[in-house]
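The values are calculated or read from the model by the stated rules, or taken from the named source; none is laboratory data. Note that the coordinates shown come from a computational prediction; the quantities given were computed from them, not determined experimentally. Please note: Cβ atoms are built from the backbone with ideal geometry, for glycine as well, and neighbour counts cover all protein chains shown.
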Amino acid sequence: MPVFSHFANKVKSKFREKISSVVQSGEDDENEREEEYLAEGHRFDSFAPIRQEAMVKYFIDGHDYCWAVSEAIESAQEVIYIEDWWLSPELYLRRPPAKYPEYRIDQLLKRKAEQGVMIYIVVYKEVELALTLDSAHTKKALQDMHENIVGKLLFFQRHPDHAVGGTFFWSHHEKFVVVDNRIAFLGGIDLCYGRWDTHAHRLADFNTADPSMEIYPGQDYSDARLRDFEQVKEWDMRLIDKTVIPRMPWHDISLCMLGQPVLDVARHFCDRWNFVKQSKSLDKQKAPFLKPPLGGYSSYQSFKIPLESRLLRSYHFEHQTSGIHGSCKVQVLRSSAEWSSGVPLEHSIQNAYIEVIRQAQHYVYIENQFFITATEKGDEDIVKNQIGAAIVDRIIKAHQDQEKFKVFVLIPLMPAFPAELSTKDAATARLIMYYQYISICSGQKSIMEKLKSAGIEPDEYIRFYSLRSYDRINRPTMEETLARDAGFTPHKAGRPLLDNEQEERPVPPAGFVMPGQRKSYQSVASDTIAPDAMSNHRHSVLDEPWVNDGAMQTPRDEAAEKQEVSDYVTEELYIHAKLLIADDRVVIMGSANLNDRSQCGDRDSEIAMITEDKDMIPSRMNGEPYQASRFAATLRRQLWKEHLGLIDEEEIDVVTDAMLPLPVPQLDFTQTKEDHWVMDPLDDDTLIRWNNTAATNTKAFREVFHCVPDDTIVSWSEYHKFYPDPEKINLGHVHDPNMPVHEVRQHLDTVRGHLVEFPTKFLSFEDLQGEAIPFVGGAMQDLLIKPLAAKSLGPLSSNVIRQQQPQQQHNYSSTRPVVTESSMLDSYPRPNLQPTLQSSPGLYSLRSIQSCFNCSGPHSTDFCPC
């Protein structure tokens, strides 16, 4: 059947082209108009024009986004495009997995292919020595789904190849999906392990007594600070002990669109597909070229598709963007270049960031996985992107004009690498932290020091924040659940329990158990207490049963006390979003991190979209009436309410409008009291709530867990006294096993949401980059480029100690930073990248050291971190 569907699709495509040419004869040619429009110069030097009347909808966190993507793919009639940095075929888009096995990605795509839908997939082909993505497995797993699918209905390409002359450490970092040239999704959420999460960001699994209702199966339950993904083809392998170790929660954002911007996302996919086809698959007859839905092939690409291929080996799928009358003015942006798409250098995402920041009137709100940027533009500077300079300039202008202006920046507390921070294995993590600190607060060229030199108190205008979550792993129940699932008999006091001795516990329904549903199950402890920090604190951790509480007993002896305390856990809530909101009017959202890799255009490839909603809603700004754009204002408010713990946890599989793609509109919360509490981002009461919540949460986590990074820790000696010994205390657990339960609960009862302060003074007396110089040479050097004059090896910046030590004086302008091969990982767009390159002394021996054309460091240009 798939063969006949494939043939029908091919005939239908060619037939439609012929009929279209006849129908449009004598009329304005839509293709010609589009081609002319595309040929014009566009704002931000983007390949894409401004599009009007689009519909746009945001999705906060993976729970809502993955369900919406599954709905869109399920509705596909003709074609699906998927581009991803990492695509996990075994990822469940709907949870719990046991309830929705047909919505595992491979099964969903197989079903659509069998229905005759054409599927085109491009994924990043990783450097296997450095990354564990295993894109080869992704390709094989999807191509093995059905013998009649591959080369007929499903086409798959990986890029780039890592041969001589190729690029080695720049990646395809986009994450987007196009269905039927009708609807498109883009943003920060990869369709891969570790991304699916809810607004409560639970750290524990199993929210029912039924082991089949596991929420995070196999490698999807992960904590990148303890163990990286590995052997990902073994998707059901449990990497960490979920009875002890918390998962790393994941905060992310994506969007979907209807209308004309879909044309530009589809064109970007066709550009990439055709470039990869031309450069490495020209001899593969089965893989066709793809003609963009409107406007013809892109004229700006550096190659021409042969006429024979255009006529005989190309597909064209009509668009379905007509008749959409939304309220949004949008423009698709990208970072792209010759190596990634065969196009002239484009960094329209950076251009848009800079322009929006400079034009902002009231505030700029940023969420990003990284914050590595420059405040000056000089040949000697390693970091090149000028977003930091735009922030400094705008704040200085606000200060001079005596305007109330705020910049809010949310970034992860620390890079998610599987190594304890003080160890040698954490060198790469420390290097990322170093670059972020010299961007934010350390050194004469940091944002804060630039402002101080202008006579400005930075805290009055810009502050940095992070996210953290807590939970309780109900270890006794989880161990019993896993034992039952494995076929073992429950034990107590060292002996197996007889059937009549086994306590009957009520079984909650499938999915998450909501706080309001717990009354009927109060005889047993909940499997998670993360929602206690949400719902405007309607549920208190003080009221939670202990983990050993049963229907007939509530032990409070020493053993019960130790068991209860040992089950409380914390972990940083990893921020993976790539978002900027300004003035409740403008939104930039996409895949681009705030670093050179994503922003410069000639490095990682990225996609984003700027949205300005013309649907204005009454609001307030700095205490005055204000007309805000619905899309920007409601997105910012929803994020703030989540971070402040003012929203309810959603039930896992009760479908709401927030989980459905367009044309289902965004849920409207503008009339709720919680929405009014965060309506005005410049109101003093709002700012007090925001900053006090961050400070209170930070203090509570410090008291209970001694978690790092922390502003009270400025040296390694203080670090080792403060941070729990990993040999004695499991990752994320209460720092003192003898702390009374009531003390733990009292501290955690003050936590609201997940917002915490980002520590700018952490290890400020230490040289974080001093040992973060893994070297690469030898055989790999010989493969990369011709030997150039060797340069002396040195520390990254002449042993720069952060400026909190006043006795240290440094001449930053005269010290030329030196970077080595593996330090390119400083801003690599993957939170859990192991510093693999440090552990291969045979391959990466110190031999000839090359010179970088970017920064003159002793490494090849392909390895440059900047």
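Residues are listed down the side, and each one gets a yes or a no for (1) under 23 Å from residue 530 (Cβ atoms); (2) of a type outside the set (Asp, Glu); (3) touching a residue at least 60 places away in the same chain (Cβ under 8 Å); (4) buried (at least 24 other Cβ atoms within 10 Å of the Cβ):
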site: 562; (1), (2), (3), (4): yes, yes, yes, no
site: 575; (1), (2), (3), (4): yes, yes, yes, yes
site: 590; (1), (2), (3), (4): no, yes, yes, yes
site: 596; (1), (2), (3), (4): no, no, yes, yes
site: 607; (1), (2), (3), (4): no, yes, yes, yes
site: 614; (1), (2), (3), (4): no, yes, yes, no
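What do you reckon, is residue 203 of a type in the set (A, V, I, L, M) and either surrounded by 23 or more Cβ atoms within 10 Å (Cβ to Cβ) or touching a helix residue (DSSP H, G or I) at 6+ places or on another chain (Cβ under 6 Å) (or both)?
Yes; evaluated as a whole, the condition is true for this residue.
Could you check the stretch 239-294 and list, in sequence order, the residues that are of a type in the set (A, V, I, L, M, F, W, C), touching a residue at least 12 places away in the same chain (Cβ under 8 Å), closer than 20 Å to residue 123 by Cα and part of a loop (DSSP other than H, G, I, E, B)?
Result: 287, single match.
How many of the residues in the stretch 90-125 are more than 25 Å from residue 169 (Cβ to Cβ) and assigned to a loop (DSSP other than H, G, I, E, B)?
Of the residues in the stretch 90-125, 13 are more than 25 Å from residue 169 (Cβ to Cβ) and assigned to a loop (DSSP other than H, G, I, E, B).
Looking for something within 17 Å of the chain's Cα centre (by Cα), hydroxyl-bearing (Ser, Thr, Tyr), in a loop (DSSP other than H, G, I, E, B) and over 23 Å from residue 605 (Cα atoms) - is there at least one such residue anywhere in the stretch 193-206?
yes
Quick check on this structure: which one of 338, 346 is surrounded by 17 or more Cβ atoms within 10 Å (Cβ to Cβ), under 21 Å from residue 176 (Cα atoms) and not small (Gly, Ala, Ser)?
Testing whether each residue is surrounded by 17 or more Cβ atoms within 10 Å (Cβ to Cβ), under 21 Å from residue 176 (Cα atoms) and not small (Gly, Ala, Ser) leaves just 346.
Name the one entry in 337, 352 that is under 27 Å from the mean Cα position of the chain (by Cα) and either basic (Lys, Arg) or within 22 Å of residue 257 (Cα to Cα) (or both).
None of the others qualify; the one that does is 352.
Test of understanding: among 717, 619, which residue is more than 27 Å from residue 463 (Cα to Cα) and among the hydroxyl-bearing types (Ser, Thr, Tyr)?
Within the list 717, 619, the selection yields 717.
Within the stretch 233-256, how many residues are under 19 Å from residue 191 (Cα atoms) and in contact with a Leu (Cβ under 7 Å, 6 or more places away or on another chain)?
7
Results for (1) over 21 Å from the mean Cα position of the chain (by Cα); (2) farther than 18 Å from residue 365 by Cα; (3) part of a helix (DSSP H, G or I), shown as yes or no for each residue.
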| site | (1), (2), (3) |
| --- | --- |
| 417 | no, yes, no |
| 429 | no, yes, yes |
| 433 | no, yes, yes |
| 439 | no, no, yes |
| 444 | yes, yes, no |
| 449 | yes, yes, yes |
| 452 | yes, yes, yes |
| 464 | no, no, no |
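Can you spot a residue in the stretch 373-382 that is within 22 Å of the chain's Cα centre (by Cα) and within 23 Å of residue 602 (Cβ to Cβ)?
Within the stretch 373-382, one or more residues are within 22 Å of the chain's Cα centre (by Cα) and within 23 Å of residue 602 (Cβ to Cβ).
Among (1) modelled with pLDDT of 90 or more; (2) crowded, with 20+ Cβ neighbours inside 10 Å, which single condition is residue 135 missing?
With respect to (1) modelled with pLDDT of 90 or more; (2) crowded, with 20+ Cβ neighbours inside 10 Å, residue 135 is out only on (1).
Grab the strands (runs of 3 or more DSSP E) fully contained in the stretch 574-675, keeping just those with 2 or more residues being touching a His at 6+ places or on another chain (Cβ under 8 Å).
Once the strands (runs of 3 or more DSSP E) in the stretch 574-675 are filtered for at least 2 residues that are touching a His at 6+ places or on another chain (Cβ under 8 Å), what remains is 606-613.
Look at residue 543 and say whether it is over 30 Å from residue 264 (Cα atoms) and either at pLDDT 95 or above or crowded, with 18+ Cβ neighbours inside 10 Å (or both).
no
Per-residue answers, yes or no, for (1) within 18 Å of residue 661 (Cβ to Cβ); (2) surrounded by fewer than 15 Cβ atoms within 10 Å (Cβ to Cβ); (3) of a type outside the set (Lys, Arg); (4) at pLDDT 95 or above:
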{"residue": "28", "(1), (2), (3), (4)": "no, yes, yes, no"}
{"residue": "32", "(1), (2), (3), (4)": "no, yes, yes, no"}
{"residue": "42", "(1), (2), (3), (4)": "no, no, yes, yes"}
{"residue": "59", "(1), (2), (3), (4)": "yes, no, yes, yes"}
{"residue": "87", "(1), (2), (3), (4)": "no, no, yes, yes"}
{"residue": "94", "(1), (2), (3), (4)": "yes, no, no, yes"}
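Might you check whether a residue that is modelled with pLDDT of 95 or more, under 17 Å from residue 472 (Cβ atoms), crowded, with 18+ Cβ neighbours inside 10 Å and among the aromatic types (Phe, Trp, Tyr) occurs anywhere in the stretch 697-710?
Yes.
For the stretch 164-193, give me each residue that is among the small types (Gly, Ala, Ser) and at pLDDT 95 or above.
Once the filter is applied, which keeps residues that are among the small types (Gly, Ala, Ser) and at pLDDT 95 or above, the stretch 164-193 yields 184, 187, 188.
In the list 372, 391, 396, which residue meets the criterion of being of a type outside the set (S, T, N, Q), surrounded by 24 or more Cβ atoms within 10 Å (Cβ to Cβ), at pLDDT 95 or above and closer than 16 Å to residue 453 by Cα?
Of 372, 391, 396, the one residue that is of a type outside the set (S, T, N, Q), surrounded by 24 or more Cβ atoms within 10 Å (Cβ to Cβ), at pLDDT 95 or above and closer than 16 Å to residue 453 by Cα is 391.
Tally time: how many residues in the stretch 259-306 are among the aliphatic types (A, V, I, L, M) and surrounded by 24 or more Cβ atoms within 10 Å (Cβ to Cβ)?
5
Given the criterion touching a strand residue (DSSP E or B) at 6+ places or on another chain (Cβ under 9 Å) and either more than 22 Å from residue 173 (Cβ to Cβ) or among the charged types (D, E, K, R) (or both), identify the matching residue among 358, 394.
394
Looking only at the stretch 307-330, decide whether some residue is crowded, with 22+ Cβ neighbours inside 10 Å, β-branched (Val, Ile, Thr) and touching a helix residue (DSSP H, G or I) at 6+ places or on another chain (Cβ under 7 Å).
yes
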